[in-house]
Amino acid sequence: MDKRVFIKSLGIGGLALAKASLPVSAAAIAEKSPSLEKTSIQHRVWINPDHKETAAVLQPRYAAYRKAGITDIMFEADSEVHFKAAKANGIKAHRWIWTMNRGEKELLASHPEWYAQNRKGESCANHPPYVDYYRWLCPSKPEVVNYLKEQVEKALSLDYVDGIHLDYVRYCDVILPVNLWSHYGIDQSKELPEYDFCYCEQCRNAYKEKNGIDPLQIEHPDQSPSWRKFRYDRITNVVNNLAQVARQHKKPISAAVFPTPEIAKRIVRQDWTNWPLNAVCPMIYHGFYRENVSWIGDAVAEGVKGLHGAFPLYAGLYLPDFNGNYTSLAEAVRLAIQNGAAGVSIFGSVTPEVLRVLGESA
């Protein structure tokens, strides 16, 4: 499945194990993890590899990528040919995986009980929100955490895979970017119960054990700081567990996240500044939020400030938002770097013009 089919189809473009480990700060864990190079500006790109392409075709392409300052590629599917062609040109090849959003038919059929439930009691297994492929797992279930660890273990065991890149490592969007509201005919000025997750029995019982109340009995659960924090911590625990697998393989772990710490926490329950990563790629897709290019710099500055130097930030740029205006793209790259980004991460068609812009900044 292509990344964010949901978005592209609109034409404008997403606790614990039985013995949970104690919380550890992102900075402390990052110190123990393999570091990514920070010697100069470095760029990244998200790619869904074409399995029909040969090494002969890929060699000059990835050589041009590296010359333009692209040092890392996140591949959405396993392709030994693509991975090795990238590596042969000095580019790190990361396996990009969908994390909490898993709609495989086999998984839905064998473990429907693993899926998250909304505030109305509907399960993602048979009531996916927004679009059919939105099938969100519940992070409270030990079986889910173990399943995801197995997926990461499988990917990192391949000798041609340099690292793991997490996507959809969050809850379902309780509020969509404002540019999508009209498409669905919904007003999400407030959190609506059909998009608010997870209220399964396991989540509710765990929260009640700690806080003395079932979240369904809270008058305004969307305004409860402790209920929000509970869910931040559930996702953070998943990342902690996957980071342990990456460290065992001595390979880096990174993630695609929502554009700023505040937006990520508010609409998808991501507390990414406290994750044990080696790098983060906030998707600062300005068009989705009806913002100008200047907002990219503001979003980068907010993220860098929140990280306190724990690991580098690469500003995710969505090329269709620039409508072929490479002057604006160059300005976005400049603003990202000026505000503390280690580089940018590109989603879209990497044309010679895009490579020229990146090369001028590297």
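The values are calculated or read from the model by the stated rules, or taken from the named source; none is laboratory data. Remember, it's a predicted structure, so these values are computed and weren't measured experimentally. Glycine gets a Cβ as well: all are built from the backbone with ideal geometry, and neighbour counts include every protein chain shown. Surface accessibility is based on the protein's heavy atoms, side chains included, excluding ligands, DNA and RNA. Shrake-Rupley method; radii C 1.70, N 1.55, O 1.52, S 1.80 Å.
The HN-Hα couplings worked out from phi for region 327-339 by the Karplus form 6.51 cos²θ - 1.76 cosθ + 1.60 (θ = phi - 60°) are 5, 5, 5, 4, 5, 4, 4, 4, 5, 4, 5, 4, 9 Hz, whole numbers, x standing for Gly and Pro. Among 333-345, 212-224, 302-314, the peptide with the highest mean count of other Cβ atoms within 10 Å heads the list, and the full ranking is 333-345, 302-314, 212-224. For region 290-346, the calculated P(r) over all alpha carbon pairs, in 10 Å bins from 0 to the bin holding the longest distance, is 26, 55, 17, 2 percent.
Of the residues 354, 293, ranked by 1.4 Å probe accessible area with the largest first, the sequence reads 293, 354.
How much net charge surrounds residue 128 when only the other residues with a Cβ under 14 Å from the Cβ of residue 128 are counted, with Lys and Arg +1 and Asp and Glu -1? Please list the in-between numbers first.
Details: positive: 102, 105, 120, 135; negative: 104, 122, 132, 173, 194.
So the surrounding residues net to -1.
Residues 82, 249, ordered by accessible area of protein heavy atoms at a 1.4 angstrom probe radius and largest first, appear as 249, 82.
What trypsin sites (Lys or Arg not before Pro) in region 81-177 are in a loop by DSSP, with at most 13 other Cβ atoms within 10 Å of the Cβ?
Filter output for region 81-177: 120.
Here the chain is treated with +1 on each Lys and Arg Cβ and -1 on each Asp and Glu Cβ, and its dipole about the Cα centre works out to around 740 debye. Once C-alpha pairs closer than 8 Å and six or more residues apart are averaged by separation and normalised to the residue number of region 32-150, the relative contact order reads 19 percent. Once the Kirkwood radius over Cα pairs is known for region 201-335, the Stokes-Einstein relation at 20 °C and 1.002 mPa s delivers a diffusion coefficient of 128 µm²/s.
Give, rounded to the nearest 20 debye, the magnitude of the charge dipole that region 186-246 has about its Cα centre when Lys and Arg contribute +1 at Cβ and Asp and Glu contribute -1 at Cβ.
Roughly 320 debye, rounded to the nearest 20.
Output needed for region 147-199: three equivalent-ellipsoid semi-axes, defined as square roots of 5 times the C-alpha gyration tensor eigenvalues, in descending order, whole Å.
The answer is 35, 14, 7 Å, longest axis first.
One equal scatterer on each Cα of the chain, no solvent, Debye formula: the resulting log10 I(q)/I(0) at q = 0.08, 0.13 Å⁻¹ is -0.37, -1.04.
Averaging the Cα positions of each part gives two centres, and for region 162-207 and region 62-108 these lie 26 Å apart.
Taking a ≥ b ≥ c as the square roots of the eigenvalues of the Cα gyration tensor, region 241-290 is prolate, since a/c reaches 1.5 or more and a/b is larger than b/c.
Computed 3J(HN,Hα) for region 107-116, one whole-Hz value per residue from the Karplus formula 6.51 cos²θ - 1.76 cosθ + 1.60 where θ = phi - 60°, is 5, 4, 6, 8, 9, x, 6, 7, 8, 6, glycine and proline marked x.
Is the shape of region 35-116 rounded, prolate or oblate, going by the alpha carbon gyration tensor and its root eigenvalues a ≥ b ≥ c, with a/c under 1.5 for rounded and a/b larger than b/c for prolate? Don't skip to the end; give the middle numbers.
On the way: a/c = 3.82, a/b = 1.83, b/c = 2.08.
It comes out oblate by the Cα gyration axes.
Here is the tail figure for region 173-265: Cα pairs spaced more than 18 Å apart come to 58 percent of all pairs.
As a length-normalised measure over Cα pairs under 8 Å and 6 or more apart, the relative contact order of region 70-118 settles at 36 percent.
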